[in-house]
1. Where in segment 514-535 does the label zone of Asp493 land, with the point 7 angstrom along Cα→C-beta and an amide N cut-off under 20 Å?
2. Would you please state the base-10 log of I(q)/I(0) at q = 0.10, 0.13, 0.18, 0.21 1/Å for segment 272-421, with intensities from the Debye formula using one equal scatterer on every alpha carbon?
3. If ligands, DNA and RNA are left out, what is the accessible area of His456 with a 1.4 Å probe, given in Å² to the nearest 10?
4. When the Karplus curve 6.51 cos²θ - 1.76 cosθ + 1.60 is applied with θ = phi - 60°, which whole-Hz ³J(HN,Hα) does each residue of segment 518-530 get, with x for Gly and Pro?
5. Work out the length of the dipole vector of segment 138-187 about its Cα centre, built from +1 on the beta-carbon of each Lys and Arg and -1 on the beta-carbon of each Asp and Glu, and round it to the nearest 20 debye.
6. Give the accessible surface of the chain per residue, rounded to a whole number of Å², with probe radius 1.4 Å and ligands, DNA and RNA excluded.
7. Leaving ligands, DNA and RNA out of it, report the carbon-plus-sulfur percent of the accessible area of segment 444-506 at a 1.4 Å probe.
8. Taking the Cα centre of segment 426-551 as origin, work out the dipole magnitude from +1 charges on Lys and Arg Cβ and -1 charges on Asp and Glu Cβ, in debye rounded to 20.
Amino acid sequence: MPDNLHVYDVLARAFAQEEVRTCFALLGDANMNWAARLSQQGCRMLYVRHEHCAVAAAMAYARKMGDVGVATVTCGPGVTQIITALPAAVRAHLPLVVFAGEAPLKSGWYNQELDQGPLITATGAAYHRLHMPERMPVAVRDAFLQARRERRPVVIGVPFDLQGRAWTGSMDLPKPSRELLPRPSPIPPHPDDVSAAARLLAGAERVVVLAGLGAVEAGAGAACRALAAKTGGILSTTLPARGLFHDDPFCIGISGSFTPEAGLEYLKQADFVIAVGCSLAFHAGGGGQLWPKAKMLQIDIDPVAVNQGQEVARHHLRSDARLGVEALTAALPPRDRSWRNDEMAARIRDSKPDSHAFEIEPGLLDPRKVVEALEAALPREWEMVNSGGHCSWFFAQMPSRPQEKFLTIREFGAIGNGVSFAMGVAAARPDRTVVLFDGDGSLMMHVQELETIKRHGLNILIVVMNDGAYGSEVHKLRSEGMREDGAVFGYCDFAGIARGFGLAGKTVKNLDDLPKLVAEFAAGGGAAIWDFHVSDKVVSPTIRRAHPHRA
Ligand SMILES: Cc1ncc(C[n+]2csc(CCOP(=O)(O)OP(=O)(O)O)c2C)c(N)n1
Ligand SMILES: [Mg+2]
């Protein structure tokens with residue numbers, strides 16, 4: 001290393017040593033020198049317009065890349081802005097390293113000073129104060145190690161006066177975390193557990209194989225299909241793993257709040273659910289309502305009996321998802337009976353996700369028809385991102401989209417993340433078109449990022465399901481006969497807003513125009529908003545169940 005280095009130079013090198021290729025950033029006094037140096041090292045910087053979006057974009061990037069996402073914010077107000085993103089990353093088990101500045105140590109007073117540690121640790125993320133320059137490169141490496149091993153965000157805070165000091169430490173950087181991380185082989189199941197599970201399963205008549213992200217990561221998709229076939233049962237996934245069995249005729253779709261109509265009927269009949277690589281979160285089982293009659297066998301490296309306030313599984317097979325499912329399948333005797341039949345396949349294939357009839361005002365669209373038309377028109381290779389809100393139920397019903405092309409992160413239940421997640425996916429898949437499905441309220445929450453999308457030339461098509469409202473709130477308020485003000489805003493002109501930011505904008509009134517619009521967008525690239533004005537009369541099945549209208 002050359003002479004005259006500052007601490008921020010070496011800190012930037014420590015990040016480059018970790019092979020950080022992309023960093024989502026918003027600058028201030030406490031991180032700008034470091035960020036400028038990181039950029040100089042060849043790291044691609046995406047400069048966003050709100051710190052929340054830097055961390056949220058890094059989350060989607062981490063999920064897509066299967067790697068650590070990196071973001072940077074300045075001290076004080078930069079740090080307070082990321083407090084909604086961090087719990088979401090914690091709950092989704094996403095490894096992040098966030099480089100945050102800290103107020104200078106040398107002065108008795110600093111306006112942006114804040115006790116950042118308790119704020120960060122309250123979110124479930126880890127906070128590391130780096131106050132010893134000589135040790136900082138090792139501390140950076142350790143932050144990456146922790147993020148990878150514990151799969152959660154680690155925020156490192158470095159006082160910016162320390163960053164500006166001359167570097168006097170060693171010129172040797174530590175080995176990167178990747179080289180140190182333990183790489184054990186997948187855990188095989190214990191034979192006794194396999195036999196017990198096989199005995200239990202032998203008596204089951206209506207089996208559901210339910211896969212979560214753990215199954216995706218373990219590459220257990222094919223094994224799950226084989227187990228379902230051998231037991232004559234059906235397949236399903238959690239919401240984040242949706243699409244893992246998208247082309248299987250006996251996959252009923254998502255289990256949980258987003259289960260389509262036919263799926264609800266079959267799940268209700270199930271007498272045995274095998275949950276593979278899924279934590280059995282509250283929503284995945286519809287709060288315990290989806291399969292009232294079923295025994296639950298969980299196959300997981302970390303099986304649980306109780307999760308999120310519910311007893312979720314009595315029977316457990318501790319194992320890597322793929323190895324456990326393969327061993328169980330091998331241990332099962334052949335069956336002479338099956339729940340599967342042609343009628344079931346036809347019902348799954350031909351039924352609408354939700355067939356409830358609604359009266360729709362002239363000039364407005366049915367969100368279900370919008371999704372059907374998009375499903376038919378959008379190219380198979382485009383990357384999809386679903387956001388939150390009431391409309392996300394409809395957008396999740398795209399059965400032809402495989403898991404690896406459809407990202408959903410919503411374990412903290414926050415709206416406003418759509419644009420950030422789309423930017424993260426666009427950064428991870430620069431050669432692909434990204435389609436974001438968002439609600440009007442959610443998009444409005446971080447609409448400033450349209451400028452980021454434009455400036456960085458990201459190829460993102462934003463589809464807005466615009467009901468002129470916070471749909472979730474409207475439907476709940478209506479069900480209780482309460483006033484709707486505060487939840488109804490009217491249909492704002494997103495096409496005009498898009499054009500104001502230099503994006504293309506279109507209010508789509510006729511769904512028959514979609515194939516032409518898709519072809520034009522595919523040819524031109526860039527970014528655009530398509531605004532679909534939908535009726536707020538259409539209520540998702542989940543809301544209808546959970547919030548029936550009071551008489
Ligand atoms: C950060 C945050 N603030 C508020 C909420 C409460 N909330 C849940 S859904 C929703 C409405 C979202 O509106 P929109 O994006 O238009 O989707 P819609 O429900 O109308 O389909 C709101 C405000 C939340 N989940 N997260
Ligand atoms: Mg809305």
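The values are calculated or read from the model by the stated rules, or taken from the named source; none is laboratory data. Note that the coordinates shown come from a computational prediction; the quantities given were computed from them, not determined experimentally. Please note: Cβ atoms are built from the backbone with ideal geometry, for glycine as well, and neighbour counts cover all protein chains shown. SASA here: full protein model, heavy atoms, side chains in, ligands and nucleic acids out. Shrake-Rupley method; radii C 1.70, N 1.55, O 1.52, S 1.80 Å.
1. The answer is 528-534.
2. The Cα Debye sum returns log10 ratios of -0.53, -0.89, -1.37, -1.39.
3. 60
4. Result, ordered by residue: 4, 4, 5, 5, 4, 6, x, x, x, 9, 7, 10, 10 Hz.
5. Numbers: 9 positive and 5 negative charges, 60 e Å.
Roughly 280 debye for segment 138-187.
6. Numbers: 22890 Å² over 551 residues.
Averaged over the residues of the chain, the accessible area is 42 Å².
7. Working: 1540 of 2780 Å².
With neighbouring chains kept in place, the figure for segment 444-506 is 55 percent.
8. Values: 15 positive and 16 negative charges, 55 e Å.
Dipole about the Cα centre, nearest 20: 260 debye.
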